[in-house]
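The values are calculated or read from the model by the stated rules, or taken from the named source; none is laboratory data. Keep in mind it's a predicted model, so treat the numbers as computed, not measured. Because the Cβ atoms are built from the backbone with ideal geometry, glycine has one as well, and the counts that use them run over all protein chains shown. Protein only, heavy atoms only, side chains kept; ligands, DNA and RNA dropped before computing areas. Shrake-Rupley method; radii C 1.70, N 1.55, O 1.52, S 1.80 Å.
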Amino acid sequence: FKGGDTCEYLLSSGRFLGEKVWQPHSCMMHKYKNSEAKNCLIDKHVVFVGDSRIRQLFYSFIKLINPQVKEEGIKHGNIPFEDKSASIKVDFLWYPEVNGSMRQRIKSWTEGSVAKPHIIVVGAATWSIKIHNGSNEALAQYKINITSIAPLLEKLAISSDVYWVLQDPVYEDMLSESRKMITNEKIDAYNEAAVRILNSSSRNSKAKVKVFSVSKLIAQETIMKSADGLHLPESSRDTNAMILMNVYCNKIMKPIDGSCCQPQPPLTLIQKIAFCFFTLSIIGYLIISLIHRNNYRKNKSCTDLESGEEKKPAISTPNVSTLEMLLHCFCKLGLIMTYFFLCDRANLFMKENKFYTHSSFFIPIVYILVLGVFYTENTKETKVLNREQTDEWKGWMQLVILIYHISGASTFLPVYMHIRVLVAAYLFQTGYGHFSYFWLKGDFGVYRVCQVLFRLNFLVVVLCIVMDRPYQFYYFVPLVTVWFMIIYATLAVWPQIVQKKANGNCLWHFGLLLKLICLLTCIYFLSYSQGAFEKIFSFWPLSKCFELNGNVYEWWFRWKLDRYVVFHGMLFAFIYLALQKHQMISEGKGDPLFSNRVSNVLLFISIVSFLTYSIWASSCKNKTECNELHPSVSVVQILAFILIRNIPGYVRSVYSSFFAWFGKISLELFICQYHIWLAADTKGILVLIPGYPMFNVLVSTFIFVCVAHEISQITNDLAQIVVPKDNSTLLKRLLCIAGFFSGLHFFSAMQDQPRH
C-alpha cells in the first residue's frame with residue numbers, strides 16, 4: 001500500500017455506495033452536524049474564489065453551518081456570510097476567470113498587513129472557454145495566468161489551507177446553445193494544465209496547494225441529473241462540501257467515524273507499559289520454552305552402547321508449570337493485541353463506511369440459517385433451556401447481531417427493533433442462568449463471584465488498556481456485570497432463600513417473591529429517576545467505570561432500555577423450576593411439555609404473540625417511541641420463542657451444533673468485532689483486501705472468529721490461575737488485582753494531566 005496519507009485519497013478518489021453515499025478510497029468520511037461544523041470553524045475565515053460552480057460549493061458549505069441559508073445572493077458578485085455566534089466568516093468572491101484581477105486579489109493576502117484567510121478554495125475555467133469560444137489562445141493565456149498565480153497560492157499554503165478545485169465534466173447534450181463550446185475535451189485540457197503547473201515550483205510539502213479533483217469523479221456519476229448540463233445537482237455539491245469539511249476538520253475534531261485526514265494518535269503511557277509487559281511475557285515464555293526443550297533433550301532416550309538396547313530416561317517430561325502457562329497465555333494475548341492495535345489504532349489497514357441494503361442483511365441471514373439447520377444433532381438432555389439449547393440460542397443471536405452491525409442495518413427501524421429483542425434475550429438468559437444456579441446450588445461464595453466477574457471482564461479490561469477506551473465503551477459487558485451483581489445481591493442478602501430451604505417450608509417461596517417485588521420496585525424507581533441513578537454511578541470509583549464523555553447518561557440510557565428483562569428471566573426461572581419440582585411438566589425425550597391439549601393451545605398463543613410483536617416492530621415509525629415501549633413488551637417475543645422451541649418434544653430434543661459452537665464464544669465475538677472485524681470502534685468496516693469486498697469479508701471473518709475462539713481459551717486458562725478455589729490463595733490474588741487497578745488509576749491520572 002502507498003502509506004497512510006488518507007487526505008490525498010479523500011481529495012482524489014472514491015466511489016458511490018448506492019446513489020448518494022460517497023465512499024473515499026481507504027478511509028471513512030464523517031457526516032458533520034451544524035454544531036460540529038461551528039466548533040471546528042470557530043474564529044475562522046473561509047474564502048471561495050471563482051465562478052458559478054464555486055458559488056454552488058460555497059452555498060453547500062455554509063449550509064453545513066446554518067441550514068436555513070437561502071441562495072439569494074447576487075449571481076455575478078461577491079456574497080458575504082457571517083455566523084456571529086461562532087465568529088465564522090465565509091465569503092464568496094466572484095472571479096469567473098483566472099486573470100490579473102484574480103491574481104491581484106490573491107496577492108493582497110500574501111502581503112503582511114492583510115489578515116490571511118484560514119481556508120481558500122479557488123477554481124475557474126468554464127468562463128474562459130465560453131467567452132473565447134474554446135480557442136487555443138485562451139488555453140495558452142490560462143496557462144500563463146495560472147503560472148503567475150501558482151507561486152502566490154503556494155506562499156499562502158504555508159500558513160493556510162489552499163484548495164484548487166478542478167473543473168467538473170459537463171453533460172454536453174443538455175448544454176444551451178451559448179454553452180455548446182464548453183466540451184469535456186476542453187475541460188480536460190484546462191485541468192491538465194492546472195495540475196501540471198500547480199506545485200511545480202514547490203519543494204516544501206507544507207507549501208503545497210491541495211488539488212480538489214474528487215469532484216470530477218462525483219460529477220461523472222451525477223452530471224446527468226443536472227438541470228442545465230453545467231451545474232451539479234444539489235446532492236453532489238453537498239457531498240463536495242462534506243469532503244471539504246472532512247479534509248479540514250477531521251484533524252481538529254477527531255471524529256471516531258472520520259478516519260480520513262486523521263493522524264495516528266500518540267501512544268499513551270498505559271499503552272506503552274502494556275506493550276513492554278507483553279514484550280517481556282513473550283521473551284520470558286521463549287526463554288522458559290528453550291530451557292525445557294534443552295532439559296528434555298538431555299533426558300531423551302539414549303542407546304546403551306554395551307547391550308545395544310534403548311533405555312528410557314529416569315525423569316519424564318515435566319508438567320507445565322503455572323508460570324509457563326501464565327507466560328504462554330500472555331504471549332498469545334500479546335500477539336493478538338498487536339493485531340487489534342494494527343487494525344484499529346495504526347493507519348496500516350484501510351477502513352470504509354457501512355452502507356445498508358436489504359440484500360446485504362437478509363441474504364447472509366438465510367445463509368447461516370441453512371448452515372445451522374444442516375448441523376442438527378440430538379441433545380444430551382431434553383430439559384427446557386438445557387446447556388446445548390442456550391448455547392445454540394446465543395450462537396444464532398450473535399451471528400444475526402454481527403450481520404446487523406457489518407451491514408449497517410441500524411438505519412432500518414424494523415431490523416433495529418428485532419435486534420433490540422435479541423440483546424434483551426441475552427440479558428434474559430443472564431437473569432435465568434444466574435438465578436437458576438444460586439437457587440439450585442445455594443453457592444454464594446467469593447470464588448463463584450470472582451470466576452464470573454473475571455470471565456466477563458478480562459478481555460474488556462485488556463482492550464481498555466491496549467486500545468485506550470473507557471470501560472463503558474464496551475457497554476454490554478458493564479451491563480451484564482452490573483446485572484449479575486444485582487442478582488447476587490438480591491439472593492445473597494439475608495435471608496438467603498434457596499430451593500433446599502424452600503422445600504422444607506412453602507412460606508420461603510413467598511419470601512423470595514417478596515425479594516423479587518422489592519427488586520422490581522427499585523428498578524421502576526431508578527428508571528424514572530435519572531437524577532438518583534446518575535448520583536449512584538457518579539461516585540468514585542464507579543464514575544471511572546461508567547462515565548462516557550464526562551457523564552453517565554449513556555450508561556443510564558443503556559440500562560433503562562432493557563431494565564425489566566433480567567427480572568423477567570429470574571421470574572421465569574423461578575416459575576419453571578417450581579413447575580419442574582412439582583412434576584407439572586414433562587421433559588422426556590420426544591414428549592410435549594404439557595398435555596396435548598394444553599401444549600397445542602400454548603403453542604398457538606406463542607406463535608400468534610411472536611408474529612404480533614414482529615408486526616408491531618415492523619410498523620414502528622419513531623425509534624424514541626418504540627424504545628419507550630420496548631422494555632415492557634420485549635419479553636413477549638422472548639417467552640413466545642422459548643415456548644415454541646420447547647413445547648414440542650421433537651424440537652426440544654435436537655439442537656444445532658453449528659450455532660452452539662458460536663454460542664460458546666458469543667461474548668468474545670461481540671467484543672472483538674469492535675476492532676478486528678468492524679473498524680473505527682464499530683463505525684466502519686475493516687478492509688484487509690481492498691477492491692474485493694466479498695473476499696475481504698471472508699478473510700477478515702475467518703481471522704476474527706479464530707481470534708475470538710483463542711481469546712476464549714486464554715480467558716478460561718487464566719481464570720484457573722488468577723481465581724483459585726483455595727480461599728487464602730484467592731484473597732492474595734484479589735489483593736494483587738486491587739494493586740493492579742490502583743496502579744492503573746495512578747498511571748491514568750498521570751496521562752490525563754497533560755491532556756487537561
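One table, with the values for the structure above:
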| read-out | value |
| --- | --- |
| Sparse-neighbour loop sites [trypsin sites (Lys or Arg not before Pro); segment 597-667; at most 11 other C-beta within 10 Å; DSSP] | LYS621 |
| With at most 12 other Cβ atoms within 10 Å, longest stretch of the chain clear of loop chymotrypsin sites (Phe, Trp or Tyr not before Pro) (DSSP) | 2-527 |
| Accessible surface, 1.4 Å probe, highest first, among residues ILE270, ILE714 | ILE270, ILE714 |
| Net +/- balance of residues flanking LEU678 in space, Cβ distance below 12 Å, scoring K and R +1, D and E -1 | -1 |
| Degrees between helix 693-722 axis and first principal axis of the chain (Cα, 0 to 90, nearest 10) | 40 degrees |
| For the chain, size of Cβ-based charge dipole, Lys and Arg +1, Asp and Glu -1, in debye | 1160 debye |
| Set LYS251/LYS683; LYS155/LYS272; LYS186/LYS208; LYS208/LYS254; LYS394/LYS544 screened for pairs whose C-alpha atoms are more than 28 Å apart | LYS155/LYS272; LYS394/LYS544 |
| Residues with amide H under 5 Å from that of THR379, placed H, sequence gap 5 or more | VAL654, TYR655 |
| Histogram of C-alpha separations across the chain, 20 Å bin width, % | 13, 38, 30, 15, 4, 0 |
| Sulfur and carbon atoms: percent of accessible area, segment 349-726 [1.4 Å] | 67 percent |
| Listed residue (VAL69, THR521, HIS358) projecting farthest to the positive dipole end of the chain, Cβ model | THR521 |
| Tilt relative to the chain, helix 387-407 - C-alpha long axis, 0 to 90 degrees, to 10 | 0 degrees |
| Dipole moment magnitude, nearest 20 debye, segment 6-253 about Cα centre, only Lys, Arg, Asp, Glu C-beta charged | 680 debye |
| Rg and Dmax [Cα atoms of segment 6-253; Å; Rg one decimal, Dmax integer] | 17.2, 49 |
| ILE685 accessible area, assembled protein chains, probe 1.4 Å, Å² | 30 Å² |
| Within-13-Å neighbourhood charge of ARG448 [Cβ basis; K, R +1; D, E -1] | +2 |
| Degrees between helix 565-581 axis and first principal axis of the chain (Cα, 0 to 90, nearest 10) | 20 degrees |
| Spatially near lysine pairs across segment 42-136, Cα under 30 Å, sequence gap of 8 or more or different chains | 28 |
| Beta bridge orientation in the chain: antiparallel %, DSSP, nearest 5 | 55 percent |
| Quotient of C-alpha Rg and 2.2 N^0.38 Å, computed over segment 646-756 | 1.57 |
| Probe 1.4 Å - accessible area at SER289, Å² to nearest ten | 30 Å² |
| Charge context of GLU710, other residues only, Cβ under 10 angstrom, K/R +1, D/E -1 | 0 |
| Area of SER728 that stays accessible when all protein chains are in place (1.4 Å probe, Å², to 10) | 70 Å² |
| Segment 349-726: relative contact order in percent, alpha carbon pairs under 8 Å with at least 6 residues between | 34 percent |
| Segment 1-129: relative contact order as a whole-number percent, Cα under 8 Å and 6+ apart | 27 percent |
| Calculated [θ] (222 nm, deg cm²/dmol) that DSSP helices of n ≥ 4 give over the chain, each run adding -39,500 (n - 2.57) | -20500 deg cm²/dmol |
